[in-house]
Each structure stands twice: as structure tokens, then as C-alpha cells.
Amino acid sequence: MELIKLLKIAINASVKGGHEIMDVYDSDFEVEHKQDNSPLTLADKRCNEIIERSLSLTNIPVLSEEGASIDYEIRKNWEYFWLVDPLDGTKEFVKRNGEFTVNIALIHQNLPVLGVVYVPATHDLYFATKDIGSYKETNVDLEINSVNDLLSSSNKLPSNRINGRYIIVGSRSHMSVETEEFFEKAKKDHGRVEILSIGSSLKLCMVAEGRANAYPRYAPTMEWDTAAGHAIVKY
């Protein structure tokens, strides 16, 4: 499996999907609700369509939060598959605070080997594979022609070092009692603790960058929420 070629496809899919998201973001959009009462917008749907169309060219199966449900008896036999959250942080999107992302991961035998997190509102791009490591590039608003050219201008992660304080990132929309207890214990263990409340997989990206020490998550989550960020933190 040539991860560099697949990385280019995933990055360009995320950027194209991000354009669809921002078109809706700048409009007077409506909000629906799914069976679990989580919000759904036209941005989720349009971004998902673009990404699935782009990734289908790889002939690798796609499992998306917004896509059709695929029976586990079929999925369990996939050696490779794309795992996609076309709009992670829909609640933040609805609040119009910019803290939402496009998440694309390539899974091989139940582990992410490639991850892309794109931030449509700021054009920040985080990407990683198990072969090249993790990187961040800013101001990516157009499709890329070459991963090697992108690597030459991107920052290898982690690119920050925290001194004198312990920074924890938490979810704006999924606080829990266990998370609050984690915060209190960290204050006792580390003294000077700063807590930042951020939406979507940006929290994982902050840990990967070295801008945060920890991201506790005790509330329920799904694989498509964490797979791309997992790759960026891991590699």
C-alpha cells in the first residue's frame, strides 16, 4: 500500500470537503437532528459526498459517520478501509466558532496508519502516516500537487514545548464528572494547571503539536472522531 499516494488523495479530499463546509457555514443553514439527537447540517452531507467520491477512486472501502450503515459482518473482513468524519464538531459549526474539522483516516487491521485533520475555518492542515511521521501546514486552501513539496514547507510535530505549566484540553460539548475529576487531580499533581476548552479533534492536534499535555475523554466517542487524530498523535 503506497501511503504517500493515498495521503495526497486524502488531503485533497479534505480540502475539497472543507470548501463545501464553508459554503454552508457562510449561509443561513438549517439544523436537523439524528436519532441520537446530535445535530446534522447540509455541510455534513455535502462534505461527505465529496469525500466519498474522492476516496472511492482508491478502491478501498469507505466507512463514514454520515454514510450508509455497513453491516459488521462485511466490515470485519476489510484489511484496509477509510474511516471518515466529514464534519467533526457539528455543534461548534452550529455555534459558528470555527472549531470544527474534517477527519480522514486509513485503517489497516484495526489501527490507523494514515490520518488527515483539516480545519476549514483557518485552513490549517495536520497529516501523518506511519512512514513519514506527523506534520502541520498552515494556509492550505487549494488541492496539493505533491506531498513531497508539502513536506518541505510543513512543520514536523511536535513543534512546541510547554514550560512551567501543565495544559489540559477538554471538550466544549462533552464535559463529564470524570473529566472534572481528572482536572482536579492534575491540579494536585502538577501545581500550575491550565485548562482549555476546545471543540472537535483540534484537541488531539494540540497534544500532537506539543501545545497541550493531555486530553481526557471519558464521555462516549466513536472511532471516526478519534482515528485521524490518533494517527497524528502517534506518529
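The values are calculated or read from the model by the stated rules, or taken from the named source; none is laboratory data. Only a predicted model underlies this, so the values are computations on that prediction, with no experimental measurement involved. In this analysis, Cβ positions are derived from the backbone assuming ideal geometry, glycine residues included, and neighbour counts consider all displayed protein chains. Side chains are part of the model used for accessible areas, which takes the heavy atoms of the whole protein and leaves out ligands, DNA and RNA. Shrake-Rupley method; radii C 1.70, N 1.55, O 1.52, S 1.80 Å.
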Item to complete: Considering (1) closer than 17 Å to residue 2 by Cα; (2) open to solvent by 10 Å² or more (accessible area, probe 1.4 Å), say which one residue 129 fails and leave the rest.
Response: (2)
Worksheet item: Which condition number in (1) part of a loop (DSSP other than H, G, I, E, B); (2) open to solvent by 90 Å² or more (accessible area, probe 1.4 Å); (3) of a type outside the set (A, V, I, L, M); (4) farther than 21 Å from residue 134 by Cα is the one that residue 188 fails?
Response: (1)
Discussion item. Name the single residue that is farthest from the chain's Cα centre (by Cα) among those in segment 53-84 being under 19 Å from residue 12 (Cβ atoms) and of a type in the set (S, T, N, Q).
Written reply: 59
Worksheet item: Pairs under 9 Å by beta carbon, first residue over 12 Å from residue 25 (Cβ atoms) and touching a residue at least 40 places away in the same chain (Cβ under 8 Å) in segment 39-50, partner open to solvent by 20 Å² or more (accessible area, probe 1.4 Å) and part of a strand (DSSP E or B), six or more apart or different chains?
Response: 39/31; 39/32; 39/33; 40/31; 40/32; 40/33
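Being assigned to a loop (DSSP other than H, G, I, E, B) and acidic (Asp, Glu) is the filter; apply it to segment 140-158 and report the residue that is surrounded by the fewest Cβ atoms within 10 Å (Cβ to Cβ).
Initial filter on segment 140-158 (assigned to a loop (DSSP other than H, G, I, E, B)): 140-146, 154, 157-158.
Next, only the ones that are acidic (Asp, Glu) stay: 141, 143.
Details: 141: 12, 143: 14.
Among those residues, the one meeting the criterion is 141.
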Item to complete: Go through segment 91-101 and give me each residue that's open to solvent by 10 Å² or more (accessible area, probe 1.4 Å) and within 12 Å of the chain's Cα centre (by Cα).
Response: 99
Worksheet item: (1) buried (at least 19 other Cβ atoms within 10 Å of the Cβ); (2) touching a Gly at 6+ places or on another chain (Cβ under 8 Å); (3) of a type in the set (Phe, Trp, Tyr): which one isn't true of residue 135, the others all being true?
Response: (2)
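In segment 6-26, which residues are without any contact (Cβ under 8 Å) to a residue 40 or more places away in the chain, surrounded by fewer than 19 Cβ atoms within 10 Å (Cβ to Cβ) and touching a helix residue (DSSP H, G or I) at 6+ places or on another chain (Cβ under 9 Å)? Reasoning before the result, please.
Keep residues of segment 6-26 that are without any contact (Cβ under 8 Å) to a residue 40 or more places away in the chain, which gives 20, 23-24, 26.
In the following step, the residues that additionally are surrounded by fewer than 19 Cβ atoms within 10 Å (Cβ to Cβ) were identified as 23, 26.
Across segment 6-26, the qualifying residue is only 23.
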Worksheet item: So, of the residues in segment 102-126 that are in contact with a helix residue (DSSP H, G or I) (Cβ under 6 Å, 6 or more places away or on another chain) and not hydrophobic (A, V, I, L, M, F, W, C), which turns out to be surrounded by the most Cβ atoms within 10 Å (Cβ to Cβ)?
Response: 115
